[in-house]
Amino acid sequence: MNIRLNRLVVRARQSTEEIRFSDTVTFLYGPVGTGKSTVARLIDYCFGGELERTPAIQQEFVSVVLSAMLGGYECTLERAADDTQGVRVTWSRGEDDIGSVNAPLGAGETRLVDAEVYNLSDLLFWLCGVEPIKVLKRSRDPDSQMIRLSFRDIWWYCYLDQTHLDSSFFRLEDPFRGRKSQDAMRFFTGLHSERLSQLQAELYKTVSEQQGAREAVVQIRRFMARFDLGSELELTAQIEAAEQELRDAENRKQVLEAERTTNIHPTDELRSRLRKLSGTVSDLREAIGLSQDSLAEQEALRAELITAKVKANRAEQAGRILEGVDYSRCPQCGSDISERPVTDECRLCGTPSDIAYNRSGAQTDAFRRELNDRIDQITDSMSRRRQALERSTRELQRAEVAKRQLDRQLQDELQRYDSAFIESVRIVDREVATLEERLRSLIQLQEMPRAISELEEQAGAAQGRIDRLRSTIEEERQRLRGADDNARAIADRFKTIMIDVGFPGVSEDDDLVLDPRNWKPVVVHSEQEWGFWDTGSGGKKTLFNVCYALAVHEVARERDLPVPNVLIIDSPTKNISDDENPELVQSLYREIYRFAATRNGAGTQFLLIDSDLVEPADAFEDFAQRRMAGELEAPSLISYYDGP
């Protein structure tokens with residue numbers, strides 16, 4: 001799952017700050033309180049997470065924009081301080097493939113694109129070209145509906161935040177999040193199958209059909225009781241009465257044939273209805289044509305706004321890059337302007353310096369909001385116009401169908417009914433047809449008691465299919481539990497990394513077991529077993545988490561597993577003293593740099609955050625470091641802020 005972070009733009013009240021990320025390793029370091037962890041939290045915030053409201057964030061933060069490559073798309077994820085319901089995502093892949101939506105965090109009823117995309121999680125998977133698996137909404141309920149695995153569930157394995165590094169092993173201790181974390185590991189390792197998903201869907205369908213059959217039995221009985229249909233004997237009496245009425249109607253028809261007249265059948269009323277209907281059809285066609293033209297204009301305007309938004313973002317970036325550049329030659333004609341006297345005016349165009357354009361972070365954000373609001377307004381207007389167009393189209397179809405029916409009726413009546421006699425005969429024929437239909441209905445109603453018995457038998461047979469499907473699903477799960485090569489590879493790599501790092505208490509003679517039923521790695525030493533919650537110290541728990549994440553990502557790169565190729569580790573040496581355990585710290589970073597330098601495919605992009613810089617022993621490409629110390633040469637995340 002290819003995700004590549006490019007840069008993070010933080011808009012504060014008085015400035016706009018930018019963090020650029022290396023393709024391989026970006027190392028942020030410095031004293032506490034300078035915004036290092038906030039960089040990781042803002043990335044998580046752009047991917048739909050919650051933001052810790054530190055004093056600096058509360059007082060100065062306006063919005064954040066994350067530029068990243070998601071699959072083959074160049075994307076920006078924008079989120080303001082008060083955006084609690086969604087994230088603005090803009091993407092482009094060539095001039096003809098662009099889009100911008102306000103993706104809600106929760107699933108809505110409206111598709112965001114022309115695919116099964118209803119929220120931010122679905123959109124991130126869609127942009128990366130990955131189809132997430134479907135899991136049971138309630139894993140312990142076999143009759144629960146199937147839902148898509150969320151991006152937030154797999155992001156735990158890509159963002160090791162400082163808060164949970166020494167207190168949680170990828171949320172497995174949480175009763176609800178733990179099941180989601182297990183689903184994420186099944187998704188990574190492939191311990192699922194389309195057959196299992198089909199069986200689960202078939203089980204859900206069979207259960208629904210069984211419930212429908214039982215509900216139909218209840219409704220039929222209520223229907224019969226409401227209309228006093230009674231028993232089969234009572235229905236037989238009603239059938240005999242209908243047959244008698246039918247014989248009487250047929251006798252009246254014979255009398256009419258003996259008393260025929262020559263009255264002409266009137267058709268004026270039918271012609272009047274046809275004229276009105278023709279006018280309605282003409283008006284609807286004209287209205288639909290106007291609506292389609294307006295919709296096309298709005299489509300073009302929306303595309304222009306999205307393009308303007310992308311160009312404004314690029315212009316802002318170019319402005320920051322070229323800010324403060326002193327030209328010695330004219331960039332248009334190449335003339336030497338270095339000898340011009342230095343004045344309060346621009347040496348290129350002569351504009352007075354005191355009116356030079358300078359946009360603050362808040363102003364830039366206001367411009368961004370205005371564009372976003374305009375795009376949303378046009379999108380909303382287009383949605384309403386499409387709905388109105390669909391209603392007009394359906395109304396036109398109904399009017400055309402009604403007109404065709406009246407045309408046929410008029411032709412029939414002009415051809416067949418040339419006298420009052422034939423009209424009278426028609427009335428009797430309709431009565432005969434009505435009685436015949438009533439007779440057929442009563443005969444069908446006679447089958448209701450039998451239908452109730454058949455539905456009850458179907459419900460019983462469905463229970464047998466349900467039991468068989470549940471048994472087959474359990475067999476499929478057993479089969480998948482045996483296909484654990486990827487899980488064993490993660491366990492083996494985890495043990496190797498722990499030994500290479502020098503994890504206390506782990507040796508070559510130990511076994512490391514990773515049970516796919518709960519995904520909790522256990523170290524077996526002789527007759528003793530221990531895992532994350534048995535390590536004791538916070539430093540060992542932190543080390544345990546980091547080593548496991550490295551194992552998952554390294555096996556994923558080797559075996560092309562769908563793990564996002566981004567790993568953010570906030571304070572990997574938390575609770576580990578560089579003074580007391582210098583070799584442990586060095587070996588941990590040596591292992592991280594070894595993996596980072598060994599690029600398989602797109603490679604894993606690291607963002608490391610720690611108090612002290614630990615450089616790689618051997619220099620490799622794309623290693624970037626940034627000191628954040630609240631100093632002029634090493635500013636904090638919000639450079640001008642000086643507070644708690």
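Quick note: the coordinates plus some simple rules give every number you see, no bench work behind them. These numbers come from a predicted model, not from an experiment. Reconstructed Cβ throughout: ideal geometry from the backbone, glycine too, with neighbour counts over all protein chains shown.
A few remarks follow.
- Cross-link partners of K276 among lysines (Cα-Cα below 27 Å; sequence separation of 8 or more within a chain): K403
- The packing ranking of peptides 80-86, 331-337, highest mean first, is 80-86, 331-337, where packing means the average number of other beta carbon atoms within 10 angstrom of each residue.
- Over 23 Å apart at the Cα level, from the set K180/K541; K180/K495; K36/K520; K495/K520; K180/K540, are K180/K495; K36/K520; K180/K540.
- For segment 268-416: relative contact order, % (alpha-carbon pairs under 8 angstrom, 6 or more apart): 45
- Beta bridges by DSSP in the chain, antiparallel share as percent, to the nearest 5: 75
- Both the radius of gyration and Dmax for segment 589-644 are 14.6, 44 Å, in that order, over alpha-carbon atoms.
- Anchor K205: lysines whose Cα lies under 20 Å away (excluding residues fewer than 8 positions away in-chain): K134, K137
- Placing a pseudo-label 7 Å from each Cα along the Cα-to-Cβ vector at E345 and Q463 gives an inter-label distance of 9.6 nm.
- In this simple spin-label approximation, R222 and R273 carry label points 7 Å from Cα along the Cα→Cβ vector, and these lie 3.5 nm apart.
- For K311, the aspartates and glutamates whose Cα comes closer than 14 Å to its Cα, not counting residues fewer than 8 places off in the same chain, are E74, E95.
- Förster-model FRET efficiency, 35 Å R0, T496 and D23, C-beta, rounded to 0.05: 0.85
- Cα convex hull of segment 49-185, projected area averaged across orientations, nm²: 10.1
- Each residue, L290 and S328, gets one label point 7 Å from its Cα in the Cβ direction; the gap between the two is 6.6 nm.
- Normalised by residue number, the volume inside the convex hull of the Cα atoms of segment 268-416 is 164 Å³ per residue.
- Relative contact order of the chain, defined on C-alpha pairs under 8 angstrom at six or more residues apart (%): 26
- The order of the peptides 501-513, 30-42 by mean Cβ neighbours within 10 Å, most packed first, is 30-42, 501-513.
- Dimensionless Rg/Rh of segment 459-586 - Kirkwood Rh, Rg from C-alpha atoms: 1.14
- Cα-based Kirkwood hydrodynamic radius, segment 275-318, one decimal, Å: 13.1
- Over segment 1-74, all Cα pairs binned in 5 Å intervals from 0 give whole-percent P(r) values of 3, 14, 25, 27, 19, 8, 4, 1, listed from short to long.
- Cα point-scatterer Debye curve for the chain, base-10 log of I(q)/I(0) at q = 0.06, 0.08, 0.11 Å⁻¹: -0.57, -0.82, -1.19
- Electrostatic tally near T542: other residues with Cβ closer than 12 Å to its Cβ, Lys and Arg +1, Asp and Glu -1, net -1.
- Packing rank of 289-299, 581-591, 431-441, where each peptide gets the mean count of other beta carbons within 10 Å, highest leading: 581-591, 431-441, 289-299
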